[in-house]
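Engineer: First, the structure itself, so that you have it in front of you.
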Amino acid sequence: MTNTIIEPFKIKSVEPISFTTREYRQKALREAHYNLFLLRADDVLIDLLTDSGTAAMSSRQWAAIMDGDESYAGSRSFFKFEKVVKDLTRFNFVIPTHQGRAAEKILFTVVGGRGKVIPSNTHFDTTRANVEFSGAAAVDLPVPSALETDKRSDFKGDIDLNRLKDLIRKVGAANIPLCILTVTNNSVGGQPVSMRNIRETSALLNKHGIPLFLDACRFAENAFFIKLREPGYKDKSVHDIAQEMFSYADGCTMSAKKDALVNIGGFLALNDAAIAEKSRSLLIMTEGFPTYGGLAGRDLDAMAQGLEEVLDEDYLKYRIRSVEYFGDKLEKAGVPVLVPTGGHAVFLDAKRFLPHVPAHQYPGQAIAVEVYLEGGIRSVEIGSVMFGRETDGEFVGAGLELVRLAIPRRVYTQSHIDYAAEAIIEVFKRRERIPGYRITYEPPYLRHFTAHFEPVVKETTPG
Ligand SMILES: *Cc1c(COP(=O)(O)O)cnc(C)c1O
């Protein structure tokens, strides 16, 4: 019996990655003001900044791209795409968009507005931004275990139903146009939502006439976790599990840059004819005609193919296990990671990794900088750089200080992951000598993308 789970593909086309010296990276960091978003991608060896839009497409997807129909209206590619989405979700109306946030923008423009409240297990940052831009309030109701990075639990992505009940009582069902469940729950570590939680959320909302939507970016990864962990699902196909997840919902937004295995694309799908009609009008104004929605015909073909491939259980087994393998390797070496490992990324717990660096000196940023310096690996801080605030000169830190290492789909092999783990373990060994950072420049909004930093102590070349 063989036990090793291998990549369920062979490689037909390769892309070189660039090796640099430590001295070179030290200089690149200084020039990028210690903000990894400001590095040139060519100076990165292994890029774990995001799993969004970074997947490797299959030979069948590339073949589908050649077969795309670029007709302005009524494109064959649209009907193929629409059929795949309808067969999977059973929603009546399918509206393609250029990526997930465009679907969010349209949906919340139609249903949001001043005085409205949108509850969620946790809003992704673009979802929150689109809800708030409409004038509505975005309320996160994660279960308490979501904030305990060192405690294992199967479904830390769930919404807290008691808090949802209280919220409905407090603000009134009439002010809640919909509730959105993010599957998997990206912002709390790619943690899955259980079928039971989806079902119970749907039942509770139903009683009050509130529709349930899924932010379905990682629906296939979530479905596979249900198969692995939830009683009663072991013998069901992931396709059937995914269909059941969608069956409790009235609609979804989707970034196809995740589980549709493409580099660009998204959609909004739903049952309500009136909302669909208004959404299509907005789509025509901002994205394009309803049968292409901001994409080329070929992109719709690649999405249709990707949505079928992502439900292949050999793929999902490899996907979930290879991310977990990375987390396990770090955990075994004593590196503090968020457990259990989620579906798309490994998260380092920067508070436990660098206890001597206070939140206002951005421990997550400090680790991300060192991991790049050590091995040319790019990660992203998800902590006080992203969510911290200065209020009346008072620093308010983020709840969690994390560093996310997101794994692009079908891109890196086990030896890339082994190398990345070794580099992080090296950084962990010299953690006591790692300085904190201060911000020397920041823009008014979304500062993590463009802020400048400098180390708090005199700059030395560590290690
Ligand atoms: C990526 C993402 C989005 C936004 O999608 P884009 O395609 O990047 O616009 C929304 N929700 C979640 C959970 C995501 O991960």
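The values are calculated or read from the model by the stated rules, or taken from the named source; none is laboratory data. This one's a predicted model, so the numbers in the text were calculated from it and none came from an experiment. Quick reminder, even Gly has a Cβ in these numbers, built from the backbone with ideal geometry, and neighbours come from all protein chains shown. Side chains included, ligands, DNA and RNA excluded: accessible areas come from the protein's heavy atoms. Shrake-Rupley method; radii C 1.70, N 1.55, O 1.52, S 1.80 Å.
Engineer: Quick one: which strands (runs of 3 or more DSSP E) lie wholly within the stretch 367-463 and hold at least 3 residues that are open to solvent by 30 Å² or more (accessible area, probe 1.4 Å)?
Structural biologist: Those strands (runs of 3 or more DSSP E) span 389-391, 394-396, 437-441.
Engineer: How about the stretch 188-201: which of its residues are surrounded by 24 or more Cβ atoms within 10 Å (Cβ to Cβ) and outside any helix (DSSP H, G or I)?
Structural biologist: Hits for the stretch 188-201 are 189, 190, 191, 192, 193.
Engineer: Check the stretch 297-316 and report whether any residue there is among the β-branched types (Val, Ile, Thr) and farther than 24 Å from residue 409 by Cα.
Structural biologist: No, because not a single residue in the stretch 297-316 is among the β-branched types (Val, Ile, Thr) and farther than 24 Å from residue 409 by Cα.
Engineer: Given (1) in a loop (DSSP other than H, G, I, E, B); (2) under 19 Å from residue 52 (Cβ atoms), where does residue 334 come up short, assuming only one miss?
Structural biologist: Unmet condition: (2).
Engineer: Show the residue pairs that are 6+ apart or on different chains and have beta-carbon atoms under 9 Å apart, the first residue being within the stretch 175-187 and open to solvent by 10 Å² or more (accessible area, probe 1.4 Å), the second being away from the ligand (no atom under 15 Å from the Cβ) and not aliphatic (A, V, I, L, M).
Structural biologist: Partner pairs satisfying both residue conditions: 175/115; 175/116; 177/112; 177/113; 177/116; 177/211.
Engineer: Of 48, 107, 39, which residue is of a type outside the set (Gly, Ala, Ser) and more than 16 Å from the ligand (Cβ to nearest atom)?
Structural biologist: Answer to the selection: 39.
Engineer: Right, another one. Out of the stretch 103-122, which residues are surrounded by fewer than 19 Cβ atoms within 10 Å (Cβ to Cβ) and in contact with a helix residue (DSSP H, G or I) (Cβ under 8 Å, 6 or more places away or on another chain)?
Structural biologist: Result: 109, 115.
Engineer: Can you name every residue in the stretch 24-60 that is more than 26 Å from the chain's Cα centre (by Cα) and free of Cβ contacts under 8 Å to residues at least 40 places away in the same chain?
Structural biologist: Once the filter is applied, which keeps residues that are more than 26 Å from the chain's Cα centre (by Cα) and free of Cβ contacts under 8 Å to residues at least 40 places away in the same chain, the stretch 24-60 yields 24, 27, 28, 30, 31.
Engineer: Here's something else I'd like to know. Scan the stretch 130-146 for residues that are of a type in the set (A, V, I, L, M), away from the ligand (no atom under 16 Å from the Cβ) and free of Cβ contacts under 8 Å to residues at least 24 places away in the same chain and jot them down.
Structural biologist: 137, 143
Engineer: For the stretch 202-228, enumerate the residues that are in contact with a Phe, Trp or Tyr (Cβ under 7 Å, 6 or more places away or on another chain) and either open to solvent by 20 Å² or more (accessible area, probe 1.4 Å) or not assigned by TED's automatic domain parsing to the domain that holds residue 270 (or both).
Structural biologist: Selection gives 227 alone.
Engineer: Does the stretch 251-266 contain at least one residue that is on the phi < 0 side of the Ramachandran plot, small (Gly, Ala, Ser) and either open to solvent by 30 Å² or more (accessible area, probe 1.4 Å) or away from the ligand (no atom under 16 Å from the Cβ) (or both)?
Structural biologist: no
Engineer: How many residues are surrounded by 13 or more Cβ atoms within 10 Å (Cβ to Cβ) and closer than 30 Å to residue 313 by Cβ when one looks only at the stretch 7-30?
Structural biologist: Going through the stretch 7-30 one residue at a time, the tally reaches 4.
Engineer: Residues 127, 149: which one is among the hydroxyl-bearing types (Ser, Thr, Tyr), in a helix (DSSP H, G or I) and either touching an Asp or Glu at 6+ places or on another chain (Cβ under 9 Å) or within 14 Å of the ligand (Cβ to nearest atom) (or both)?
Structural biologist: Step by step, each of 127, 149 is checked, and only 127 is among the hydroxyl-bearing types (Ser, Thr, Tyr), in a helix (DSSP H, G or I) and either touching an Asp or Glu at 6+ places or on another chain (Cβ under 9 Å) or within 14 Å of the ligand (Cβ to nearest atom) (or both).
Engineer: Are any of the residues in the stretch 60-77 closer than 28 Å to residue 408 by Cβ and touching a His at 6+ places or on another chain (Cβ under 7 Å)?
Structural biologist: No: zero hits.
Engineer: Among the listed residues 49, 38, which satisfies the condition of being open to solvent by less than 40 Å² (accessible area, probe 1.4 Å) and not basic (Lys, Arg)?
Structural biologist: Among 49, 38, only 49 is open to solvent by less than 40 Å² (accessible area, probe 1.4 Å) and not basic (Lys, Arg).
Engineer: Answer yes if at least one residue in the stretch 267-274 is free of Cβ contacts under 8 Å to residues at least 24 places away in the same chain and either open to solvent by less than 60 Å² (accessible area, probe 1.4 Å) or outside any loop (DSSP other than H, G, I, E, B) (or both), and no otherwise.
Structural biologist: Checking the stretch 267-274: at least one residue is free of Cβ contacts under 8 Å to residues at least 24 places away in the same chain and either open to solvent by less than 60 Å² (accessible area, probe 1.4 Å) or outside any loop (DSSP other than H, G, I, E, B) (or both).
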